[in-house]
Amino acid sequence: YTILSKVHSDRNVYPSAGVLFVHVLEREYFKGEFPPYPKPGEISNDPITFNTNLMGYPDRPGWLRYIQRTPYSDGVLYGSPTVENVGKPTIIEITAYNRRTFETARHNLIINIMSAEDFPLPYQAEFFIRNMNVEEMLASEVLGDFLGAVKNIWQPERLNAINITSALDRGGRVPLPINDMKEGVYVMVGADVPFSSCLREVENPQNQLRCSQEMEPVITCDKKFRTQFHIDWCKISLVDNTKQVSTFQEVIRGEGILPDGGEYKPPSDTLKSRDYYSDFLITLAVPSAIALVLFLILAYIMCCRREGVEKRNMQTPDIQLVHHSAIQKSTKELRDMSKNREIAWPLSTLPVFHPVTGEMVPPLHSDSYDNTSMPLMQTQQNLPHQTQIPQQQSAGQY
């Protein structure tokens, strides 16, 4: 059902088109390419990673995938060759990196894809296994157990594993690191007989309704897988190539010439000179002339047509001019008087009565005192007529 080979230097392998190809890159083999540990007798467990690419190119062919979980696990090349690659030897360069010593070792894997007479198988079914990762499913024992379970419920004469794809490559999410959750893997198998009644149960309306409600459908043959494989029956895909109408249209390849659209006439080498005088007149000269005319008209209206003060006075009645002149004269006199008036004295500078004798105390300033610079309040030390409060005397002095 699958071609499994171990790594060797410049190894030739012969997979079949349309059949799953698996090639394991074993770390134990490449350990001999690197120097041992400094201490003799110590078991070597260097972290080793692999890089695979098509010779002369930075990546692998489109049908070939590679996976290695950790530097302490083996690498796996897997994929399903296509018919287009038949007869074309594919040389894969395998470079091993020792992460302890930073040394490398390179080997070549020559893949000679052979044609299969029974390919493609007309009936193909793709299963989604939820409790498996892709590297676990690629193991020969696990894949053999799965194909055996499929053969028991399908009963075909020929059964091949066509392809294996990780759920992450189909847009799935990385699972949480709890409860040993797996990524999930899609396994496509092909057979030469129609689908069994057990596989057709997925197409029942009741099961379709349960799948739409995110409920697990009832499949009678699920117990054949449940002991080892958890199948998501809502994601199973059944393809019957015998009933599909081919929509392929033969492509007629031309010579790379566009349809005839007439004779091409390139521009002449000598270009004629173009006169831009009319364009200048339309875009600059005409708007400038209009703006100049408008400016002259506005200047004439504002400067040359002004009536003046004399004409205004001639048209104004005499009595109105007299009133206006009187108002201006009175206003000027009031402004002159306001400049010469004295500033009101603050209340603290007005005459007050003596609190004991009752006599009127003169102001704190003389008439010639500059009142503009006098403070509103003064301290008690500066008061010349400050009243002395009698102090309490001892007994016998009255």
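The values are calculated or read from the model by the stated rules, or taken from the named source; none is laboratory data. Every value quoted in this text rests on a predicted model; they were computed, and no experiment measured them. Backbone-built Cβ (ideal geometry, glycine too); neighbour counts: all protein chains shown. Only protein heavy atoms, including side chains, enter the accessible area calculation; ligands, DNA and RNA are left aside. Shrake-Rupley method; radii C 1.70, N 1.55, O 1.52, S 1.80 Å.
Applying a DSSP loop filter and a limit of 16 other Cβ atoms within 10 Å to the trypsin sites (Lys or Arg not before Pro) in segment 104-168 leaves Arg130, Arg158. Computed over protein heavy atoms with a 1.4 Å probe, the accessible surface of segment 123-240 works out to 51 Å² per residue. Looking at segment 11-113, the accessible area is 50 square angstrom per residue; that uses a 1.4 Å probe and ignores ligands, DNA and RNA.
For segment 91-100, backbone phi angles converted through the Karplus equation (6.51, -1.76, 1.60; θ = phi - 60°) give residue-by-residue couplings of 9, 9, 8, 10, 10, 9, 10, 8, 6, 8 Hz, Gly and Pro being listed as x. What the Kirkwood sum gives for segment 11-113 is a hydrodynamic radius of 14.7 Å, with every pair of different alpha carbons counted.
Residues Cys304, Cys211, Cys198, ordered by accessible area of protein heavy atoms at a 1.4 angstrom probe radius and largest first, appear as Cys304, Cys211, Cys198. Taking Cα centre as origin and charging only the Cβ of basic (Lys, Arg, +1) and acidic (Asp, Glu, -1) residues, the dipole magnitude of segment 123-240 rounds to 200 debye.
Relative contact order, whole percent, for segment 11-113 stands at 39, derived from Cα pairs under 8 Å and 6 or more residues apart. Which Cα, out of Trp233, Met181, Pro156, lies furthest along the positive dipole direction of segment 123-240 (beta carbon charges, K/R +1, D/E -1)? Of the candidates, Trp233 comes out farthest on the positive side.
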